[in-house]
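Visitor: Can you read through this structure? Questions will come right after.
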Amino acid sequence: MALLELRNVTRRFGDLVAVDNVSLSIESGEFFTLLGPSGCGKTTVLRMIAGFDLPDAGRIFIGGKDLTDAPPERRPVHTVFQSYALFPHMTVAQNIAFPLKMARRPQNEIHRLTDETLQQMRLADKEDFYPHELSGGQQQRVALGRALVSRPQLLLLDEPLAALDAKLREEMQIELINLQREVGVTFVFVTHAQDEALALSHRIAVMRQGRVEQVDEPARLYGFPKSRFVADFIGHINMFDAEVMEAAHGHTRLMIPGVGEITAPPAANAAPGTRGAFAIRPEQVRIGLNSEVAELKNHFPGEVRNLLYSGDVTVYKVHLVDGPMIEALLPNSAPGRAEFFEVGDTVRVGWRHDAGVFLHE
Amino acid sequence: MSRKAFIYLRTARRAKRLAAEATVQKWVVSGPPLLFLLVFFAAPGLIMVLASFRYPGEFGGLAPLYSSDPKVLHGLALETYGFFFSDFIYTEIFIKSFLVALATTLICLTLAYPLALLIARSEKKKRDLMVLLVVLPFASSFLVRIYAWMILLGPQAALSRTLSGILQLLGLAPVHLLFSPFAVLVALVYVHLPFMVLPLYTNLEKHDPALLDAAQDLGASAWQRFWRVTFPLSLPGVFSGSALVFIPVLGMFAIPELLGGTGDILIGNLIKEQFLVTRDWPFGSTLSIMLTLSVLACAWFAAKLGSRSRHHA
């Protein structure tokens with residue numbers, strides 16, 4: 001039995017279908033992320049789980065109970081808001097004790113749990129401070145502590161890291177992963193930042209225009225996107241129009257206009273004549289002067305047009321002869337000074353026969 | 001002179017000139033209001049303080065400061081202050097006035113709070129219209145509005161007749177709404193309500209709606225959300241609104257004069273009486289000074305409470 005289940009949930013705002021027939025099943029203890037560009041409906045899904053918005057159709061089950069129409073204060077769900085929404089007239093300790101007071105827990109229990117949470121969130125020395133006296137990271141920890149102190153079944157996080165600077169964001173990501181493992185509460189996290197989603201989640205649901213495009217583990221989502229949108233939204237990818245020539249056991253032969261025939265991993269429902277796209281990550285593309293790349297199943301001549309050196313890696317943009325541009329990412333980890341191809345160099349571009357993925361139209 | 005020294009001197013001169021300009025600007029801006037306050041507030045205040053230490057003149061006004069005739073009272077004395085404290089009736093009127101002001105403030109607060117909350121939580125477009133409606137009564141003269149209440153509460157008005165009719169059915173004596181403490185309180189509340197609504201609205205409008213969402217999310221009922229979040233955050237508005245109602249009501253004399261009965265006098269009436277009827281200027285001045293001091297004490301108290309709650313907000 002899943003802890004949280006959305007069954008065919010739909011939400012309309014006038015003519016706009018913000019959430020379109022979404023079904024999700026989230027297990028207890030999971031770190032689940034709703035990922036998508038702004039306006040894809042992910043925040044609306046979150047608000048419906050929290051109870052701030054009601055679906056026009058469909059049901060929401062939490063812990064096996066149908067809580068579709070229950071008000072927010074009656075749900076075993078707490079939210080960490082994007083703006084943190086800390087109570088400015090209460091101290092850190094009073095903020096954290098708030099949900100316990102609302103639940104009318106006994107006084108000694110309130111004290112014990114508040115102290116425990118203050119310790120856990122490394123806020124023990126800040127308990128008498130007011131929110132405006134804290135840094136962004138500390139405010140974030142108060143918001144997390146306040147939402148977790150009464151151990152809800154489900155914690156919803158609405159882009160909680162968006163307001164932090166890059167360095168602090170990375171620190172908080174690690175803290176979030178550890179915290180979730182420690183408290184064992186199921187997290188539902190909303191973000192538009194794909195790197196954040198990949199780094200934090202057990203599973204990710206990619207949303208687009210109110211629909212769920214794909215639900216998968218981060219590595220599968222990155223390696224085996226099921227649609228052009230997912231492939232493009234997550235990480236960088238080279239994408240070419242392609243047509244299936246031959247579907248054999250163990251591999252597929254594809255025709256890419258302007259490039260030629262290639263060998264790709266097998267794809268489902270890819271009968272000869274099927275049109276779609278071939279997508280391959282830049283780090284799977286190799287470039288070299290000749291021999292080493294020529295051993296690969298797929299290789300083509302090309303000319304370096306641009307290169308972007310960024311310390312650890314270099315990104316090359318190579319123009320395939322008579323064809324499109326392809327991006328290749330090479331690590332600069334060879335011993336000694338890294339060797340670069342220069343703009344204008346003629347190189348060979350290649351990739352393994354089991355690299356890349358065929359995407360249906 | 002070297003070029004460097006020249007530039008240095010020029011910069012220094014320029015800084016001096018700018019500083020002088022800033023001083024002039026400061027005086028140009030703050031001078032007129034300062035002058036106004038000196039002439040029309042500080043000076044009369046000082047005259048009143050002096051007047052309170054003098055004797056009343058034989059035919060009203062003030063007795064001379066010096067007279068060669070020993071039969072004529074002259075010089076300075078604390079007599080009026082002694083008089084104020086010797087008869088409890090004056091303290092009683094002060095206490096009564098404070099209670100009336102307090103009652104007006106509390107009634108205004110209970111009436112204004114829901115209204116301010118309603119306005120603050122309406123759509124932006126509707127809010128401006130509603131605020132306009134709140135201040136609309138100011139478009140007509142204060143006295144005209146008080147006379148309107150005389151008609152509304154008068155014995156011939158529908159309200160009095162209906163009430164008396166009901167009471168008669170129950171076998172009770174008819175009521176007289178006009179010239180009663182009730183009429184005074186109704187008009188005081190009516191006149192001062194906008195002064196409570198506006199500061200409350202200004203405060204409530206700034207509240208972050210996410211705070212209420214957070215409180216609800218964390219298990220707070222509607223009642224708890226109000227008492228634990230909205231109300232404590234609105235305390236600065238409550239205090240400034242209360243000060244804006246309480247202080248003017250203390251000095252009010254027109255409303256009790258026009259709508260109150262003979263017994264319903266407040267400090268304001270007492271002071272007016274001393275100057276215009278009894279013509280005992282020193283005692284009138286003494287009463288005014290006592291009132292000013294009490295109001296200042298209240299304002300200081302309110303500011304202190306307000307700043308404490310503002311610190312948290």
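Visitor: Quick check on my filter: what residues within region A:151-167 are of a type in the set (A, V, I, L, M, F, W, C) and surrounded by 16 or more Cβ atoms within 10 Å (Cβ to Cβ)?
Guide: The answer is A:Leu154, A:Leu155, A:Leu156, A:Leu157, A:Leu161, A:Leu164.
Visitor: Regarding A:Ala199, is this residue within 17 Å of the chain's Cα centre (by Cα) and either part of a loop (DSSP other than H, G, I, E, B) or at pLDDT below 95 (or both)? Even if it seems obvious, please write down each step before you answer.
Guide: Values: within 17 Å of the chain's Cα centre (by Cα): yes; either part of a loop (DSSP other than H, G, I, E, B) or at pLDDT below 95 (or both): yes.
Yes: the conditions hold for A:Ala199.
One line per residue, one yes/no per condition, for (1) out of contact with any Asp or Glu (no Cβ under 9 Å at 6 or more places or on another chain); (2) touching a residue at least 24 places away in the same chain (Cβ under 8 Å); (3) of a type in the set (Val, Ile, Thr):
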residue	(1), (2), (3)
A:Arg203	no, yes, no
A:Val206	no, yes, yes
A:Val215	yes, yes, yes
A:Asp241	yes, yes, no
A:Leu254	no, yes, no
A:Pro272	no, yes, no
A:Gly276	no, yes, no
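Visitor: While we're here: Please give the number of the condition A:Pro257 fails out of (1) within 24 Å of A:Asp322 (Cβ to Cβ); (2) surrounded by 21 or more Cβ atoms within 10 Å (Cβ to Cβ).
Guide: (2)
Visitor: Just to be sure before I move on: is B:Val100 aliphatic (A, V, I, L, M), surrounded by fewer than 16 Cβ atoms within 10 Å (Cβ to Cβ) and either at pLDDT below 80 or part of a helix (DSSP H, G or I) (or both) in the structure I sent? Give the steps one after another, and end with the answer.
Guide: Working: aliphatic (A, V, I, L, M): yes; surrounded by fewer than 16 Cβ atoms within 10 Å (Cβ to Cβ): no; either at pLDDT below 80 or part of a helix (DSSP H, G or I) (or both): yes.
For B:Val100, the condition - aliphatic (A, V, I, L, M), surrounded by fewer than 16 Cβ atoms within 10 Å (Cβ to Cβ) and either at pLDDT below 80 or part of a helix (DSSP H, G or I) (or both) - is not met.
Visitor: Within region A:107-134, track down each residue that is over 18 Å from A:Glu182 (Cβ atoms) and in a loop (DSSP other than H, G, I, E, B).
Guide: Within region A:107-134, the subset over 18 Å from A:Glu182 (Cβ atoms) is A:107-111, A:125-134.
Hits for region A:107-134 are A:Glu127, A:Asp128, A:Phe129, A:Tyr130, A:Leu134.
Visitor: In region B:42-77, which residues are within 25 Å of the chain's Cα centre (by Cα) and farther than 25 Å from B:Thr278 by Cβ?
Guide: Within region B:42-77, B:Ala42 is the sole residue that qualifies.
Visitor: Here's a follow-up. Pairs needed: first member in region A:4-16, outside any strand (DSSP E or B); second member anywhere, surrounded by fewer than 17 Cβ atoms within 10 Å (Cβ to Cβ); C-beta distance under 7 Å; at least 6 residues apart or different chains.
Guide: Every condition considered, no pair remains.
Visitor: Additional query: Using the structure shown, decide if B:Pro181 is surrounded by fewer than 19 Cβ atoms within 10 Å (Cβ to Cβ), at the interface with chain A (Cβ under 10 Å from one of its Cβ atoms) and in contact (Cβ under 8 Å) with a residue 40 or more places away in the chain.
Guide: Working: surrounded by fewer than 19 Cβ atoms within 10 Å (Cβ to Cβ): yes; at the interface with chain A (Cβ under 10 Å from one of its Cβ atoms): no; in contact (Cβ under 8 Å) with a residue 40 or more places away in the chain: yes.
No, not satisfied.
Visitor: I've got another one for you. Answer yes or no as to whether B:Gln274 is polar (S, T, N, Q) and within 14 Å of chain A (Cβ to nearest Cβ).
Guide: Here the answer is no, as B:Gln274 does not meet what is asked.
Per-residue answers, yes or no, for (1) buried (at least 23 other Cβ atoms within 10 Å of the Cβ); (2) more than 14 Å from chain A (Cβ to nearest Cβ); (3) closer than 20 Å to A:Arg104 by Cβ:
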site	(1), (2), (3)
B:Leu200	yes, yes, no
B:Pro209	no, no, no
B:Leu218	yes, no, yes
B:Ser240	no, yes, no
B:Leu244	no, yes, no
B:Ile255	yes, yes, no
B:Ile267	yes, yes, no
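Visitor: For region B:62-70, state whether one or more residues are of a type in the set (A, V, I, L, M) and assigned to a loop (DSSP other than H, G, I, E, B). Write out each step before concluding.
Guide: To start, the set of residues in region B:62-70 that are of a type in the set (A, V, I, L, M) comprises B:62-63, B:65.
This time we only want the ones that are assigned to a loop (DSSP other than H, G, I, E, B), so: B:63, B:65.
Yes, region B:62-70 contains at least one residue that is of a type in the set (A, V, I, L, M) and assigned to a loop (DSSP other than H, G, I, E, B).
Visitor: As an exercise: evaluate A:Thr114 against (1) within 14 Å of chain B (Cβ to nearest Cβ); (2) among the hydroxyl-bearing types (Ser, Thr, Tyr); (3) closer than 26 Å to A:Lys167 by Cα and give the number of the one condition it does not meet.
Guide: (3)
Visitor: Shifting gears a bit: Go through region B:33-90 and give me each residue that's touching a helix residue (DSSP H, G or I) at 6+ places or on another chain (Cβ under 6 Å) and either loosely packed, with under 11 Cβ neighbours inside 10 Å or among the basic types (Lys, Arg) (or both).
Guide: Once the filter is applied, which keeps residues that are touching a helix residue (DSSP H, G or I) at 6+ places or on another chain (Cβ under 6 Å) and either loosely packed, with under 11 Cβ neighbours inside 10 Å or among the basic types (Lys, Arg) (or both), region B:33-90 yields only B:Arg54.
Visitor: While we're here: Across region A:239-291, which residue is nearest to A:Val357 (Cα to Cα) among those that are of a type in the set (A, V, I, L, M, F, W, C) and in a loop (DSSP other than H, G, I, E, B)? I'd like the intermediate steps shown before the answer.
Guide: Applying the first criterion (of a type in the set (A, V, I, L, M, F, W, C)) to region A:239-291 yields A:239-240, A:242, A:244-245, A:247-248, A:254-256, A:259, A:262, A:264, A:267-268, A:270-271, A:277-280, A:285, A:287, A:289.
Restricting the remaining residues to those that are in a loop (DSSP other than H, G, I, E, B) gives A:259, A:267-268, A:270-271, A:285, A:289.
Values: A:Val259: 16, A:Ala267: 8, A:Ala268: 11, A:Ala270: 12, A:Ala271: 15, A:Val285: 13, A:Leu289: 26 Å.
Among residues in region A:239-291 that are of a type in the set (A, V, I, L, M, F, W, C) and in a loop (DSSP other than H, G, I, E, B), the one nearest to A:Val357 (Cα to Cα) is A:Ala267.
Visitor: Here's something else I'd like to know. Kindly provide the set of residues from region A:135-152 that are away from chain B (no Cβ under 14 Å) and not in a helix (DSSP H, G or I), ordered by number.
Guide: Hit for region A:135-152 is A:Ser135, nothing else.
Visitor: Now for a separate question. If A:Gly145 meets every condition in (1) in contact (Cβ under 8 Å) with a residue 40 or more places away in the chain; (2) of a type in the set (Gly, Ala, Ser); (3) surrounded by fewer than 15 Cβ atoms within 10 Å (Cβ to Cβ) apart from one, which number is that one?
Guide: Among (1) in contact (Cβ under 8 Å) with a residue 40 or more places away in the chain; (2) of a type in the set (Gly, Ala, Ser); (3) surrounded by fewer than 15 Cβ atoms within 10 Å (Cβ to Cβ), the lone unmet condition for A:Gly145 is (3).
Visitor: Scan (1) under 24 Å from B:Val49 (Cα atoms); (2) surrounded by fewer than 16 Cβ atoms within 10 Å (Cβ to Cβ) for the single condition B:Pro282 breaks and write down its number.
Guide: (2)
Visitor: Could you check A:Leu254 against (1) within 30 Å of A:Arg151 (Cα to Cα); (2) hydrophobic (A, V, I, L, M, F, W, C); (3) in the same structural domain as A:Lys317 (by TED's automatic domain parsing) and say which number it fails?
Guide: Among (1) within 30 Å of A:Arg151 (Cα to Cα); (2) hydrophobic (A, V, I, L, M, F, W, C); (3) in the same structural domain as A:Lys317 (by TED's automatic domain parsing), the lone unmet condition for A:Leu254 is (1).
Visitor: Looking only at region A:45-95, filter to residues that are crowded, with 22+ Cβ neighbours inside 10 Å and of a type in the set (S, T, N, Q); which one of those is nearest to the other protein chains (Cβ to nearest Cβ)?
Guide: Among residues in region A:45-95 that are crowded, with 22+ Cβ neighbours inside 10 Å and of a type in the set (S, T, N, Q), the one nearest to the other protein chains (Cβ to nearest Cβ) is A:Thr79.
Visitor: Now a separate question. Of the residues B:Val144, B:Val175, B:Val229, only one is out of contact with any Cys (no Cβ under 6 Å at 6 or more places or on another chain), free of Cβ contacts under 8 Å to residues at least 60 places away in the same chain, within 14 Å of chain A (Cβ to nearest Cβ) and not basic (Lys, Arg); which? Before the answer, list the steps.
Guide: Details: B:Val144 fails: within 14 Å of chain A (Cβ to nearest Cβ); B:Val175 fails: within 14 Å of chain A (Cβ to nearest Cβ).
Of the residues listed, the single one that is out of contact with any Cys (no Cβ under 6 Å at 6 or more places or on another chain), free of Cβ contacts under 8 Å to residues at least 60 places away in the same chain, within 14 Å of chain A (Cβ to nearest Cβ) and not basic (Lys, Arg) is B:Val229.
The values are calculated or read from the model by the stated rules, or taken from the named source; none is laboratory data. Since this is a predicted model, take the numbers as computed values, not measurements. Reconstructed Cβ throughout: ideal geometry from the backbone, glycine too, with neighbour counts over all protein chains shown.
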